[in-house]
Amino acid sequence: MTDLRIPPRRAVVSVTGADATSLLSGLVTNGPPTDGSCRSALLTPQGKILFDFHIAPAPDGYLFDIDADAAEAFIKRLTLYRLRAKVDIGVDDDYAVCVDPSGDNGRVIKPVSETGGAAPDAEYDARRIAAGVSEWGADFDSDEVFPMDVNFDLLNGVDYKKGCFVGQEVASRMMRKGSARKRTLVATFDGPPPPKGTPVAAGASTLGHIMSGAEDAALALIRLDRWETAIESGDLIKAGDCEITLTRPAYMAAD
């Protein structure tokens, strides 16, 4: 069976050369991997996400599965960090991000010649939102959120034991505090989703806001303490005029 390509908004960036591993090791939150792929990000020095992506090994380097709208800015940022490192960085149109039809590996990067038709954005987003997985572009932009805000730490996107990476000090300090102030939750409701950015409120308290949405579900960035207070008080939770129910993704235990 031929692989399906993940939505057209994904691009593949290659980082190759003798110094690719050493360069990336000091930059990204997880990896680079020696086998298989991993979720990872590049942070600002202040610890906020600049770009998120998946990294997979490739001959003489690595391939990055990244939002197509972020690709050029990501390349420019890596070029700033490159200095004299022996690496080549660029979009690689010979590869595409795909759904693994066997279901064993989830998403994979494969040569374009081995891919089939495109997977519709709406279908991909509906599955992603139901699973509670946010993405750059769809849910947040550069320098807007910390990794813990979008559950990046719970989705194996941060390796706190790997050594230095950009923004590590802030990320590690937030982890050591032992609890997150904000998390990304799944909002369910009847009908079409409230627009991105719609405030989520309970009574007079603002809990957070809606991120990306699909039919009957959306992601929402929520202050956990205010959500818990709303539950205890029995207050109706709404996004605009839409009544919603907030739940933790299956992978998230109570903080």
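The values are calculated or read from the model by the stated rules, or taken from the named source; none is laboratory data. The structure presented is a predicted model; accordingly, all values stated were derived computationally and were not measured. We place every Cβ from the backbone using ideal geometry, glycine too, and count neighbours over all the protein chains shown.
Computed quantities for the displayed model
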| quantity | calculated |
| --- | --- |
| Flag for ALA220 being more than 23 Å from the chain's Cα centre (by Cα) and modelled with pLDDT of 95 or more | no |
| Filter result for SER172 (farther than 19 Å from ARG127 by Cα, without any contact (Cβ under 8 Å) to a residue 60 or more places away in the chain, in the same structural domain as LEU43 (by TED's automatic domain parsing) and not hydrophobic (A, V, I, L, M, F, W, C)) | yes |
| Among residues of segment 182-216, those that are part of a strand (DSSP E or B) and at pLDDT below 95, counted | 1 |
| Verdict on THR44 being modelled with pLDDT of 95 or more, of a type in the set (Val, Ile, Thr) and under 20 Å from VAL145 (Cα atoms) | yes |
| Complete set of residues in segment 46-81 that are acidic (Asp, Glu) and assigned to a strand (DSSP E or B) | ASP52, ASP65, ASP67 |
| Cross-chain or 6+ apart pairs with Cβ under 7 Å, segment 108-133 first and surrounded by 18 or more Cβ atoms within 10 Å (Cβ to Cβ), then among the basic types (Lys, Arg) | THR115/ARG5; ALA119/ARG5 |
| Scan of segment 190-244 for residues that are of a type in the set (Val, Ile, Thr) and over 24 Å from PHE146 (Cα atoms), ordered by number | ILE231, ILE237, ILE244 |
| Test: residue in segment 76-90 that is within 17 Å of the chain's Cα centre (by Cα) and either assigned by TED's automatic domain parsing to the domain that holds ARG10 or farther than 24 Å from PHE165 by Cβ (or both) | no |
| Some residue of segment 121-138 being closer than 28 Å to CYS242 by Cβ, touching a Cys at 6+ places or on another chain (Cβ under 6 Å) and not in a helix (DSSP H, G or I) | no |
| Residues of segment 21-45 satisfying the condition of being surrounded by fewer than 21 Cβ atoms within 10 Å (Cβ to Cβ) and assigned to a strand (DSSP E or B) | CYS38, ARG39 |
| Criterion (outside any loop (DSSP other than H, G, I, E, B) and under 26 Å from THR29 (Cβ atoms)) met by exactly one of MET252, MET174 | MET174 |
